[in-house]
Amino acid sequence: MSFVIRQYNKSDHDLVLKLHVEGLNQFNARFNDPYLDQDIDNIEDHYLKKDGDFIVGLINDRIVGMGAYRKRNNDVAEIKRIRID
């Protein structure tokens, strides 16, 4: 078994979206709130280009986890979008 953590790639989007929606469904939350979900639609602009990061965890090349953070200031970051399959 191989476990890898790496930075998100645009080609990961469909699998990351699927993991995100499955996580919301566990708590009867909803998807497609234009304000709450706009970061998932454009991960690069919301995290990677704003002093943040978005990572995926893979087991045997299958995405099984994700997480992100956004820098708020020089001392504080906000952890976002933690999902584990």
All but one of (1) in contact with a helix residue (DSSP H, G or I) (Cβ under 8 Å, 6 or more places away or on another chain); (2) closer than 18 Å to V4 by Cβ hold for R81, so report the exception by its number. (2)
Determine which member of the set D39, D75, D14 is in a helix (DSSP H, G or I) and surrounded by fewer than 11 Cβ atoms within 10 Å (Cβ to Cβ). D14
Taking the condition of being of a type outside the set (A, V, I, L, M) and within 9 Å of the chain's Cα centre (by Cα), how many residues in the stretch 54-68 meet it? 3
Report, ordered by the first and then the second residue, all pairs with beta carbons closer than 7 Å, sequence separation of six or more or different chains, a first member in the stretch 44-69 that is closer than 18 Å to K18 by Cα, and a second member that is aromatic (F, W, Y) and assigned to a helix (DSSP H, G or I). F54/Y47; A68/Y47
For the stretch 1-20, name all the residues that are over 17 Å from N60 (Cα atoms) and acidic (D, E). D14
Can you name the residue in the stretch 22-36 that is more than 26 Å from K71 (Cβ to Cβ) and either of a type in the set (A, V, I, L, M) or not in a loop (DSSP other than H, G, I, E, B) (or both) and, of all such residues, is modelled with the lowest pLDDT? N25
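The values are calculated or read from the model by the stated rules, or taken from the named source; none is laboratory data. If you're wondering where the values come from, they're calculated on a predicted model, not measured in any experiment. No Cβ is skipped: glycine too gets one built from the backbone with ideal geometry, and neighbour counts run over all protein chains shown.
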